[in-house]
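The structure appears below as structure tokens.
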Amino acid sequence: MGNPTQTQANGNQVRVLRTLSNGVSADKAFQLAKNEGLILISNKKADNLLKSDDWKTVKEAWPIHTGTMTAFTEPGKKLGATVEYKDPGSGILWVFEVPSGVGFRSMWDAVLAVEHPNYDIEIQTSKNRIVVHPQKKMILPVTDFPSKDGWYATDSITGIPVNKPLDSGNPDARYLWRIVQRVGPVVRGYCSVDYRGGVFLGYDGGGRPSGNLGVLVEQELTLEAALKQLEQLRGKLQLAKEIAADAKPKLSEVAKIAKPELLQELTELIKLHTEQ
């Protein structure tokens, strides 16, 4: 099964940043990931884990806040310039700014989804609200969003349910939990109805952004992150060189009490770091 706190998904390593037992709210999950240069896993990636036994390798994290941020309005109502949702658990007003000029504002029965890290959140403590600023070109509109809970097929890119009902026994079916209007990340991994099949976009008692849930992340594959890793590696190599340089003069003394064949690998390592 491998390491119980990490697994592979689509070639990228997924690991637990927070378990459910020390879970955090959605905004804190975002800040933790941002501070460490990590990506919150998407709803689609979470779904890939949950539909196989891979979910068990990180089972201490579920349920989780995913990195798939969403915004939708009540059935039949256009999205407009902003979508607002007041979290009943915290009283915080979540506001999703809908970009103009691309037709998003005139959509109805639709979800606007954007994957982390293609959005930022602005925490306005004095106003008790959180504003989501999505990157306009990275918004993924999901049309024909169901008006009520049930088993449905899902959008192929985001994994969000669409209005195509399926039998619960269909392996492609996912159970949608939704409320009238909401802003916040998709939540996955609750035990209600089906532990692995539920897509939570708000329901009474769970799926709220304020909920203290687990967090799963993957390494951010950006130039900035790569340079940061390289700098850390250089620091470790410099330390190794200093240790090797200090150890080299003492090697002859060590040789007096150790067999030569046991020192071969150490000698090569010292040469490697001191001769570069």
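The values are calculated or read from the model by the stated rules, or taken from the named source; none is laboratory data. Remember, it's a predicted structure, so these values are computed and weren't measured experimentally. With ideal geometry, Cβ positions are generated from the backbone for all residues, glycine too; neighbour counts draw on all protein chains shown.
Yes or no: residue 125 in the same structural domain as residue 38 (by TED's automatic domain parsing) and more than 13 Å from residue 70 (Cβ to Cβ)?
In short, yes.
What's the number of the only condition in (1) surrounded by fewer than 23 Cβ atoms within 10 Å (Cβ to Cβ); (2) closer than 17 Å to residue 134 by Cβ that residue 52 fails to meet?
(2)
Yes or no: region 183-200 includes at least one residue that is buried (at least 17 other Cβ atoms within 10 Å of the Cβ) and either outside the structural domain of residue 74 (by TED's automatic domain parsing) or over 19 Å from the mean Cα position of the chain (by Cα) (or both).
Checking region 183-200: not a single residue is buried (at least 17 other Cβ atoms within 10 Å of the Cβ) and either outside the structural domain of residue 74 (by TED's automatic domain parsing) or over 19 Å from the mean Cα position of the chain (by Cα) (or both).
Kindly provide the set of residues from region 77-98 that are part of a loop (DSSP other than H, G, I, E, B) and over 13 Å from residue 124 (Cβ atoms), ordered by number.
Once the filter is applied, which keeps residues that are part of a loop (DSSP other than H, G, I, E, B) and over 13 Å from residue 124 (Cβ atoms), region 77-98 yields 77, 79, 80, 81, 87, 88, 89, 90, 91, 98.
Just to be sure, is residue 140 touching a Ser or Thr at 6+ places or on another chain (Cβ under 6 Å), touching a residue at least 12 places away in the same chain (Cβ under 8 Å) and crowded, with 17+ Cβ neighbours inside 10 Å?
Here the answer is yes, as residue 140 does meet what is asked.
Those residues that are among the acidic types (Asp, Glu) and part of a loop (DSSP other than H, G, I, E, B), I need them from region 23-67; list them, please.
36, 60
How about region 146-168: which of its residues are within 23 Å of the chain's Cα centre (by Cα) and part of a loop (DSSP other than H, G, I, E, B)?
The answer is 155, 156, 157, 158, 159, 160.
What are the pairs, 6+ residues apart or on separate chains, where a residue within region 23-37 that is at pLDDT below 95 has its Cβ under 9 Å from a residue that is small (Gly, Ala, Ser) and part of a helix (DSSP H, G or I)?
Pairs found: 37/225.
Within region 95-108, work out how many residues are in contact (Cβ under 8 Å) with a residue 40 or more places away in the chain and under 28 Å from residue 164 (Cβ atoms).
Qualifying residue count for the region: 2.
Going through region 1-22 one residue at a time, which ones are assigned to a loop (DSSP other than H, G, I, E, B) and either modelled with pLDDT of 95 or more or among the β-branched types (Val, Ile, Thr) (or both)?
Passing the criteria: 5, 19.
Give the residue that is farthest from residue 42 (Cα to Cα), with candidates limited to residues of region 116-152 that are hydroxyl-bearing (Ser, Thr, Tyr) and touching a strand residue (DSSP E or B) at 6+ places or on another chain (Cβ under 9 Å).
Going through the qualifying residues, I end up with 147.
Against the condition closer than 21 Å to residue 136 by Cα, modelled with pLDDT of 95 or more and more than 9 Å from the chain's Cα centre (by Cα), how does residue 78 come out, does it pass?
Yes: the conditions hold for residue 78.
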